[in-house]
Structures are given as C-alpha cells and as structure tokens.
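This report refers to the structure that appears directly beneath it.
Coordinate-derived values only; no laboratory data. Worth saying up front: this structure is predicted, and the values here are computed from it rather than measured. Because the Cβ atoms are built from the backbone with ideal geometry, glycine has one as well, and the counts that use them run over all protein chains shown.
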Amino acid sequence: MTKPTVKVVEIAFARLQAPDLDKMEEFLTAFGMFKSTRTETALYMRGTEPSHHLHVTHKGEPGFISFAYTVSSEDDLKALAATPGASGIEPLNEPGGGKRVRLRDPFNGFLVEAVHGIEVPQPLPVGSRPLNWSADTLSTIGEPQRLQFGPSRIKRMSHAVLSTPHLKETLAWFRQTFGLLATDEFYKGERSNVVGSFNRVDRGIEGVDHHVLNLYHGTKPGLQHVSYEVQDIDDLFVGFNHLTRLSKYEHMRGVGYHVPGGQVFDYWLDPWGQMHEHWLTTRRFTATSPLNLMPAPKEHDPTSRFAQTIMPHIGV
Ligand SMILES: [Fe+2]
C-alpha cells in the first residue's frame, strides 16, 4: 500500500436519522448515553469520556447518514480535502463546533466525515456504582459492594460495521484514505476470498482497539451496527439487566464473546430497528501487530438476521 492520505486517530461519532427525537433520547438514555444537547432537529448524546457527542440523531426517516473519524490536525483536513470527490474544509455548524471534510466512498456511496477541533468537555463522573472490582473490594466480608440497577454508562464510541457488495475495493479505499490497518480477516473457500475484515487505526506503538471499522461482504450496502464501550464487565451486565427488565427494546444478540479480538458484546435495537452494541475489549494492537487470516467462523453467516439487519444509507 502506498502511504495513506492520513492516519485517523479514532472514531468520533455516528450520525443517524430517526423520526422521533424523544423516543431516540429515551432509548439512548436507557442504553447508557447522556444528553449533550438537543436542537429542534437533532439530538446529541455523549459518554462519560470527554467528547462533546458520540451519537447524533437528525430528525427524519430512519437510516444512517454518516460516521466520523477524528484527525489530528488541520493539515490532515487539507490533505483529505484534496482527494477526489471530497468536500472542502467546512465549519461544523452544530453544537460542539469544529471543522470537517466530507468524503464519499466511490463504491457504495458511504459518507464519512473527517473532523477536527470539536469542543472537548470535561469527563462525566461515572457515579456511585463501583468500577473494577478487585480482590480487596470482594473480600470486604459483611460489607459487600452492592451494584445498583440502572443503565450501563457508555464511555466512548468504539467502531462501526458496514455491509458492502464491493468488499475488496471498499477496504482498499478506507485503508488508503484513512490509514486503517487490517487486524483479522475471514475467508471462505480460497484464502484470497476474504468475506470479512476488521481494521484498526494506526497510532504506531500505542495499543489500539482490535477494530474501528468492520467491513463484511453483504448483498445490501449499509450500516450494520454502531458500537460503544462501557465502563467494565459489571457495567455491561447491569446494563443488560436494565434493558431486559424494561421489556421495551428488542434484544438482538449477546451477551457473548468474540474470540478472535477478545471482545464482550451485547446488541440491542433502537425503536426503528437500528442496531447498537455494548462492547468491551480485552486486547490491544499496535501498528506492527500481524494480520491474522482465518476461515470464517460459523457465526459469520451473511444470511442470518443479525447480518441482514442493515440501516439504509441516506445520502445527504
Ligand atoms: Fe461490533
């Protein structure tokens, strides 16, 4: 691969569309996010880490508008703005401010935003539920730490997953444009027949998540799910209990464990069938971690309801 245009730092937020912002706010609050701000036409939700928003919902027909990667400098925005088909550098005229370049992948039309300079707020306190139980807290006989019922507390966005009929070309575009690196890939039949690919950001020797983007071969292009990291394993299970007890939202899959990347997952649908994941990782990868190519596991079934739950892409 030739030198990528930029190396993105992280995934910043997803931009979805839904007809009822009250209902979306209720779902996302139960899912574990916190309202950052809301306008007449858009809802901005955040996590406990210092990010102005990691989930935006615009009012309209349900669907997926875009997702955004953070870049580290305005020079990176300039480099992206110079690529074919990219927008110029434009102000983000919405809460949090900042600047962006919009890029559209040439094979599916997926809209990706590269953002920089969005306001960075203070982190939110995680509250009274204890984190990271240790032998010390567990051994306090007679004074057990009681978990409190309630939603998970989302920390940050972790990744987005796209279905595409043009896997090879789309992968090449994302890697060349944003500097993503392949972590794990699944093949069917011949080793060259890759059907799914997990890609991470390149931060050199710094350990990063197993993937910030998963692309898999599917007949319909679209966003399959967006994923958010929770505080810890207690937080994930307490959040699962909370959503289960509410009996209001559809549970798609989990709680389970993805062995290749060492991630705990739990998938829920919002009121319009858009999939959101609670996620925790147990492994980090650096820029030199080798690609792991392996046969597609049974769970990678492109005809399953899980794989076929796709948010349609809204071109704007
Ligand atoms: Fe995921």
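Comparing GLY88, GLY32, GLY189 in a Gaussian network model of the chain, where Cα atoms under 10 Å apart are tied by springs, the biggest mean-square fluctuation is seen for GLY189. Over the chain, with a single point scatterer placed on each C-alpha, what log10 of the ratio I(q)/I(0) does the Debye formula yield at q = 0.14 1/Å? Ignoring solvent entirely, the Cα scatterers give -1.12.
Per residue, the average separation of C-alpha pairs within less than 8 Å and at least 6 apart gives segment 152-227 a relative contact order of 45 percent.
Within the listed set ASP266, ASP105, ASP75, the Gaussian network model of the chain (springs between alpha-carbon atoms below 10 Å) gives the highest mean-square fluctuation for ASP75. The calculated FRET efficiency for SER72 paired with LYS3, based on their beta-carbon distance and R0 = 22 Å, is about 0.90.
Within segment 150-243, report the trypsin sites (Lys or Arg not before Pro) that DSSP leaves as loop and that have at most 11 other Cβ atoms within 10 Å.
On the way: sites: ARG153, LYS155, ARG156, LYS168, ARG175, LYS188, ARG191, ARG200, ARG203; in loops: ARG153, LYS188, ARG191, ARG203.
Passing sites in segment 150-243 are ARG191.
For the chain, the number of Lys pairs with C-alpha atoms closer than 23 Å, counting only pairs eight or more positions apart or on separate chains, is 23. Once the Cα-Cα distance is subtracted from the 0.36 nm per residue extended length, the ASP20 to TYR257 segment shows a gain of 82.0 nm. Based on C-alpha pairs under 8 angstrom that are at least 6 apart in sequence, segment 56-116 has a relative contact order of 36 percent. Placing unit charges on each Cβ (+1 for Lys and Arg, -1 for Asp and Glu) gives the chain a dipole about its Cα centre, and among PHE178, LEU280, VAL212 the Cα reaching farthest toward its positive end belongs to PHE178. Each Lys and Arg Cβ is given +1 and each Asp and Glu Cβ -1; about its Cα centre, segment 25-110 then shows a dipole of about 60 debye. When only Cα pairs below 8 angstrom with a gap of at least 6 residues are kept, the chain shows a relative contact order of 19 percent.
Between Rg and the Kirkwood Rh of segment 211-251, both from Cα atoms, what is the Rg to Rh ratio?
Details: Rg = 14.1 Å, Rh = 12.9 Å.
Computed over Cα atoms, the ratio is 1.10.
Gaussian network model of the chain, Cα springs within a sub-10 Å range: biggest mean-square fluctuation belongs to which of VAL101, VAL226, VAL259? Greatest mean-square fluctuation among the candidates belongs to VAL259.
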